[in-house]
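The values are calculated or read from the model by the stated rules, or taken from the named source; none is laboratory data. Bear in mind that the values here come from a model prediction, so they are computed numbers and not experimental data. Using ideal geometry, Cβ is built from the backbone for each residue, glycine included, and neighbour counts are taken over all protein chains shown. SASA here: full protein model, heavy atoms, side chains in, ligands and nucleic acids out. Shrake-Rupley method; radii C 1.70, N 1.55, O 1.52, S 1.80 Å.
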2 protein chains.
Amino acid sequence: MSALPAPGCDDLAASLAAVVGAEHVLADPELRASYEVDCVGVRRGDALLVVRPADTAEVAAVVVACREVGVALVPQGGNTGLTGGGVPRGGEVLLSLRRLDRIEPVDVDAGQVTVGAGATLAAVQAAALASDMELAVDLGARDQATIGGMVGTNAGGTRVLRHGSMRAQVVGLEAVLADGGVVERLSGLLKDNVGYDLPGLLCGSEGTLAVVTRVRLRLVPRLSHRVTALVGVGNTSDALAVLRRLRPLASLDAAEIMWDDALALVQERVGLRSPLAGRHAVYLLVECTAMHDPTDELAQVLGACSAVEDVAVGQDAAGRAAIWALRHGHAESVVIGGNTVKLDVTLPLGRLAAFESRLRAVCARREPDAVPLLFGHVGDGNLHVNVLGVPPERTGELTDEVLTLFAAHGGSISAEHGIGVAKRAYVRLGRSAADVEAMRAIKHGLDPRGMLNPGVIFAENHSSKLR
Amino acid sequence: MSALPAPGCDDLAASLAAVVGAEHVLADPELRASYEVDCVGVRRGDALLVVRPADTAEVAAVVVACREVGVALVPQGGNTGLTGGGVPRGGEVLLSLRRLDRIEPVDVDAGQVTVGAGATLAAVQAAALASDMELAVDLGARDQATIGGMVGTNAGGTRVLRHGSMRAQVVGLEAVLADGGVVERLSGLLKDNVGYDLPGLLCGSEGTLAVVTRVRLRLVPRLSHRVTALVGVGNTSDALAVLRRLRPLASLDAAEIMWDDALALVQERVGLRSPLAGRHAVYLLVECTAMHDPTDELAQVLGACSAVEDVAVGQDAAGRAAIWALRHGHAESVVIGGNTVKLDVTLPLGRLAAFESRLRAVCARREPDAVPLLFGHVGDGNLHVNVLGVPPERTGELTDEVLTLFAAHGGSISAEHGIGVAKRAYVRLGRSAADVEAMRAIKHGLDPRGMLNPGVIFAENHSSKLR
């Protein structure tokens with residue numbers, strides 16, 4: 001775990017330069033620096049070298065070269081991860097996939113596109129739109145986050161309710177294995193039951209089983225009409241009752257939840273007005289998209305819900321943006337808030353109301369001066385739990401208690417950010433011993449020497465040196 | 001590969017009887033018989049014993065007992081598979097999951113249900129309907145096919161276009177590993193990124209990695225309005241052009257393709273009238289379902305397609321059934337046809353027209369007296385290729401040539417029936433050497449002794465005795 005080049009580093013640099021060109025092997029600490037720390041400045045580690053291959057063949061050659069000298073690799077995409085899975089732990093070669101950013105022509109018949117792992121979400125979204133289609137995943141980091149990284153973490157975002165998370169968009173992929181072999185499943189066939197679903201397995205494996213180099217993505221039709229509503233209700237259970245009534249709407253695209261205490265804080269800090277006249281205990285943000293105007297069908301369902309206290313509808317771009325700004329303001333307020341316990345979790349909807357009150361009780365008891373700020377993608381049970389103003393020395397204890405509380409409510413400790421290194425100590429909260437052993441057996445089968453992203457997901461005995 | 005009990009069989013029968021009760025350990029050849037042959041009478045093999053556990057704990061105990069004496073297991077559900085993956089190769093213990101047929105109460109909030117692996121598709125469909133929801137997979141064998149078997153083969157059917165295949169319905173599952181350990185992922189959480197996606201990996205693994213015991217399924221809202229159309233077009237390319245225009249319809253639920261030569265044969269053999277006045281070279285069966293009546297939006301799209309020659313619409317149950325009968329009659333005609341090359345394949349839609357003409361040319365050259373009968377789920381590129389009247393001694397050669405032709409057109413040799421033992425010799429047509437090695441590494445990692453369904457997917461060195 002040292003910043004000094006390991007013995008043999010010069011030889012490795014030379015062999016990597018022969019593969020990718022000397023300008024794409026970075027040994028200089030200043031040039032390496034931006035690759036060695038995550039986007040929020042929390043996790044960092046020294047890379048032995050940073051290497052930037054241009055295509056799949058170069059990635060495979062890099063894997064072989066590192067394997068020959070017994071050095072592990074940390075794959076990195078846009079470096080927007082929040083659990084430390086894409087920055088070095090110390091001593092590994094940092095493998096940046098960003099140059100693999102080619103976007104092939106959209107296959108209009110199939111409604112699919114093949115893209116390099118280094119293509120950003122925004123670039124792929126733009127390419128899809130140019131063919132009057134959409135990539136059905138959206139999230140805030142779209143300008144930096146790469147498709148490869150989003151596959152690695154099985155990224156989520158605001159549209160999972162309707163379209164599923166990243167795994168549901170992946171029709172196939174190409175990846176380099178730990179021995180340098182290449183798996184290519186880019187045919188785009190929706191039904192291809194020849195052996196195991198390696199693409200699905202690699203989604204969410206956080207770079208520990210193979211290096212994803214290209215991805216075949218399904219696209220969805222671009223729907224011309226969109227409406228957004230902000231719905232005020234009296235409590236969390238009523239919000240869930242409204243959600244239940246909304247689910248049969250084929251046009252339902254997003255359902256986000258906010259609470260009044262957090263919304264008031266967001267409005268004050270970010271300076272936003274609510275389109276609703278009064279205050280409500282809980283708010284739902286609902287968005288519908290369709291080929292026809294879905295406003296009437298949405299209004300009809302909401303009008304029939306006795307739990308609905310008030311509704312504001314945004315039909316034009318400005319009206320919709322004003323509603324979304326309230327939701328996006330939550331993430332901004334978390335950053336302004338400083339010291340934060342920041343968790344991304346998911347739980348059964350039937351337990352949400354009970355969990356919420358328990359969580360608030362825990363915070364009030366442990367940290368009476370702290371401010372819990374909850375919001376989330378309620379359509380899929382995904383809650384972002386932030387507690388602002390917790391002294392750094394006590395964030396660990398609070399995290400432990402909240403994650404344990406989550407597990408006790410049947411929740412998962414990671415919804416859309418993955419395990420990385422940040423949550424590896426908590427894996428057993430969500431998985432049985434037999435389950436972890438099965439995952440280890442797969443890891444060992446595909447990467448027996450511990451070549452790929454050591455220390456991610458599995459905690460013990462990781463090293464930048466191969467077995 | 002003998003019908004005689006192996007040494008130690010009595011001991012094993014006794015230890016299994018202690019687990020499941022003596023009446024659920026079948027050694028008598030007459031009682032074993034129905035488990036030892038597939039539903040079309042093609043594949044068969046002698047089981048050492050048939051064992052019928054009642055729950056997950058009993059399955060785990062059966063696995064441990066067999067492991068102790070070094071005998072492999074063949075898991076079996078409804079025994080409706082068509083590739084021999086669920087019947088013994090010879091000498092294994094046949095593990096019937098049918099008694100695990102419990103259907104838990106539907107979770108209406110989550111839109112999910114947990115069912116035993118032995119529950120039939122029809123029983124789960126009925127349970128979902130009772131809660132005004134649907135399981136979004138449907139196929140002809142619904143009364144016998146079990147959910148566990150459908151997970152094992154990643155079953156498809158007529159609604160994949162809209163809802164995906166079985167894997168897309170599986171929110172989670174419970175399975176017994178080769179060492180008797182139990183993986184339980186039944187929380188129903190839609191976002192649960194804690195390590196690898198074992199449920200997705202087990203879908204389509206055909207019982208070679210673990211024994212699925214319970215499945216958590218997503219349900220979809222039951223849509224009240226349904227319309228079916230039969231669309232006549234002039235050629236295969238025109239059919240694809242119509243399909244392209246239909247895709248943006250959110251209500252599109254099925255798109256099946258039929259050709260006139262096959263349809264005429266079906267009408268003659270099964271005695272059915274077409275609701276269209278004239279003949280057309282190619283037909284699309286299109287079905288839309290929605291909360292509103294989708295007839296107008298379907299008619300609008302079809303009306304704007306210059307490729308459409310004629311349309312017949314079925315709005316009531318009888319009208320819809322008359323159209324579907326033409327499609328289902330194809331499968332029936334195949335059975336009447338006797339000696340048949342029967343393939344289930346999928347290919348990129350852009351290659352469909354070229355493939356079709358090449359295929360017809362191959363059949364005309366090799367088997368001028370045979371009748372090619374094509375039909376399929378065109379929405380997902382899945383074609384059922386049947387060639388009737390091929391002499392038994394030449395079916396192998398024709399199969400080889402057609403599957404190779406498929407692979408050359410970028411197709412897959414298995415769409416929804418799996419590999420089993422029937423297609424294991426063709427796996428390399430669809431997968432690279434590195435890919436197969438990766439699959440083997442996973443198999444070896446999870447089942448190092450070759451305990452589970454030996455001889456399925458991977459051909460070589462399989463045995464009913466453990467390593």
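Please count how many residues of segment B:282-301 are farther than 21 Å from B:ALA325 by Cβ, aliphatic (A, V, I, L, M) and either assigned to a helix (DSSP H, G or I) or more than 14 Å from chain A (Cβ to nearest Cβ) (or both).
Here the count works out to 2.
Output the number of the condition that A:PHE355 fails; it satisfies all remaining conditions of (1) within 14 Å of another protein chain (Cβ to nearest Cβ); (2) modelled with pLDDT of 90 or more; (3) open to solvent by 10 Å² or more (accessible area, probe 1.4 Å).
(3) is the only condition that A:PHE355 fails.
How many residues, within segment A:231-246, are surrounded by fewer than 20 Cβ atoms within 10 Å (Cβ to Cβ) and either among the aromatic types (Phe, Trp, Tyr) or not in a helix (DSSP H, G or I) (or both)?
2
May I ask you to list pairs of residues, at least six apart or on different chains, whose Cβ atoms are under 7 Å apart, with the first in segment B:208-237 being closer than 30 Å to B:SER187 by Cα and of a type outside the set (Gly, Ala, Ser) and the second being open to solvent by 50 Å² or more (accessible area, probe 1.4 Å) and outside any strand (DSSP E or B)?
The qualifying pairs are B:PRO221/A:ARG247; B:ARG222/B:LEU129; B:ARG222/B:ASP132; B:LEU223/B:MET291.
Would you confirm, using the coordinates I've provided, whether B:PRO275 is part of a loop (DSSP other than H, G, I, E, B) and either of a type in the set (Gly, Ala, Ser) or over 22 Å from B:ARG162 (Cα atoms) (or both)?
Answer is yes for this residue.
Name the single residue that is modelled with the lowest pLDDT among those in segment A:438-467 being open to solvent by 30 Å² or more (accessible area, probe 1.4 Å) and either touching a strand residue (DSSP E or B) at 6+ places or on another chain (Cβ under 9 Å) or within 8 Å of another protein chain (Cβ to nearest Cβ) (or both).
A:LYS465
Quick check on segment A:319-340. Is at least one of its residues open to solvent by 20 Å² or more (accessible area, probe 1.4 Å), part of a strand (DSSP E or B) and farther than 26 Å from A:LEU405 by Cα?
no
Give me the pairs, please: first residue somewhere in segment B:38-53 and modelled with pLDDT of 95 or more, second residue anywhere and of a type in the set (Phe, Trp, Tyr), beta-carbon distance under 6 Å, and either six or more positions apart or on two chains.
Short answer, once both residue conditions are applied: B:VAL50/B:TYR35.
Being under 21 Å from the mean Cα position of the chain (by Cα) and either open to solvent by less than 10 Å² (accessible area, probe 1.4 Å) or within 21 Å of B:SER463 (Cα to Cα) (or both) is the filter here; which residues of segment B:111-123 pass it?
Those that are under 21 Å from the mean Cα position of the chain (by Cα) and either open to solvent by less than 10 Å² (accessible area, probe 1.4 Å) or within 21 Å of B:SER463 (Cα to Cα) (or both): B:VAL113, B:THR114, B:VAL115, B:GLY116, B:ALA117, B:GLY118, B:ALA119, B:LEU121.
Which one is farthest from B:GLU134 (Cα to Cα) among residues in segment B:302-313 that are open to solvent by less than 50 Å² (accessible area, probe 1.4 Å) and assigned to a loop (DSSP other than H, G, I, E, B)?
Per the stated criteria, the residue is B:ALA307.
List the residue pairs whose Cβ atoms are under 7 Å apart, where the first residue sits in segment B:63-80 and is over 15 Å from B:ALA119 (Cα atoms), the second is open to solvent by 10 Å² or more (accessible area, probe 1.4 Å) and β-branched (Val, Ile, Thr), and the two are 6 or more positions apart or on different chains.
B:ALA65/B:VAL19
Going by the structure shown, is A:LEU298 open to solvent by less than 50 Å² (accessible area, probe 1.4 Å), more than 30 Å from A:CYS363 (Cβ to Cβ) and over 28 Å from the mean Cα position of the chain (by Cα)?
yes
Just one of the numbered conditions (1) assigned to a loop (DSSP other than H, G, I, E, B); (2) touching a residue at least 12 places away in the same chain (Cβ under 8 Å) is not true of A:PRO368; which one?
Failed condition: (2).
Could you look through segment B:406-424, keep only residues that are more than 7 Å from chain A (Cβ to nearest Cβ) and among the aliphatic types (A, V, I, L, M), and pick out the one that is most open to solvent (accessible area, probe 1.4 Å)?
B:ALA408
For B:VAL220, state whether it is modelled with pLDDT of 95 or more and in contact with a strand residue (DSSP E or B) (Cβ under 9 Å, 6 or more places away or on another chain).
no
Taking the condition part of a helix (DSSP H, G or I), of a type in the set (A, V, I, L, M, F, W, C) and surrounded by fewer than 21 Cβ atoms within 10 Å (Cβ to Cβ), does B:ALA17 pass?
For B:ALA17, the condition - part of a helix (DSSP H, G or I), of a type in the set (A, V, I, L, M, F, W, C) and surrounded by fewer than 21 Cβ atoms within 10 Å (Cβ to Cβ) - is met.
Examine segment A:61-68 for a residue that is in contact with a His (Cβ under 7 Å, 6 or more places away or on another chain) and at pLDDT 95 or above, and state whether such a residue exists.
No, segment A:61-68 has no match at all.
So, in segment A:156-166, exactly how many residues are surrounded by fewer than 23 Cβ atoms within 10 Å (Cβ to Cβ) and modelled with pLDDT of 95 or more?
0
Might you let me know whether segment A:139-155 holds any residue that is more than 11 Å from chain B (Cβ to nearest Cβ), among the small types (Gly, Ala, Ser) and surrounded by fewer than 23 Cβ atoms within 10 Å (Cβ to Cβ)?
Taking every residue of segment A:139-155 in turn, at least one turns out to be more than 11 Å from chain B (Cβ to nearest Cβ), among the small types (Gly, Ala, Ser) and surrounded by fewer than 23 Cβ atoms within 10 Å (Cβ to Cβ).
With the checklist (1) farther than 28 Å from A:VAL113 by Cα; (2) free of Cβ contacts under 8 Å to residues at least 60 places away in the same chain in hand, flag the one item B:LEU373 doesn't pass.
(2)
Six or more apart or on different chains, Cβ under 6 Å: which pairs go from a residue in segment A:128-146 that's without any contact (Cβ under 8 Å) to a residue 24 or more places away in the chain to one that's part of a loop (DSSP other than H, G, I, E, B) and open to solvent by 10 Å² or more (accessible area, probe 1.4 Å)? Could you list them?
Between residues of segment A:128-146 that are without any contact (Cβ under 8 Å) to a residue 24 or more places away in the chain and residues that are part of a loop (DSSP other than H, G, I, E, B) and open to solvent by 10 Å² or more (accessible area, probe 1.4 Å), the close pairs are A:ASP138/A:THR158; A:ASP138/A:ARG159.
Collect the residues in segment B:173-230 that are closer than 30 Å to B:ALA65 by Cα, more than 7 Å from every other protein chain (Cβ to nearest Cβ) and either open to solvent by 20 Å² or more (accessible area, probe 1.4 Å) or of a type in the set (Val, Ile, Thr) (or both), keeping them in residue-number order.
Listed by number, the residues that qualify are B:VAL176, B:ASP179, B:ARG185, B:LEU186, B:THR208, B:VAL211, B:VAL212, B:THR213, B:ARG214, B:VAL215, B:ARG216.
For A:ALA434, work out the one condition from (1) open to solvent by less than 30 Å² (accessible area, probe 1.4 Å); (2) outside any helix (DSSP H, G or I) it doesn't fulfil.
(2)
Against the condition in contact with a Cys (Cβ under 7 Å, 6 or more places away or on another chain) and under 20 Å from A:LEU374 (Cβ atoms), how does A:VAL242 come out, does it pass?
yes
Among the residues of segment B:77-110, which ones are outside any loop (DSSP other than H, G, I, E, B) and open to solvent by 10 Å² or more (accessible area, probe 1.4 Å)?
B:ILE103, B:ASP107
So, B:GLU397, is that one modelled with pLDDT of 90 or more, assigned to a helix (DSSP H, G or I) and surrounded by 14 or more Cβ atoms within 10 Å (Cβ to Cβ) or not?
no
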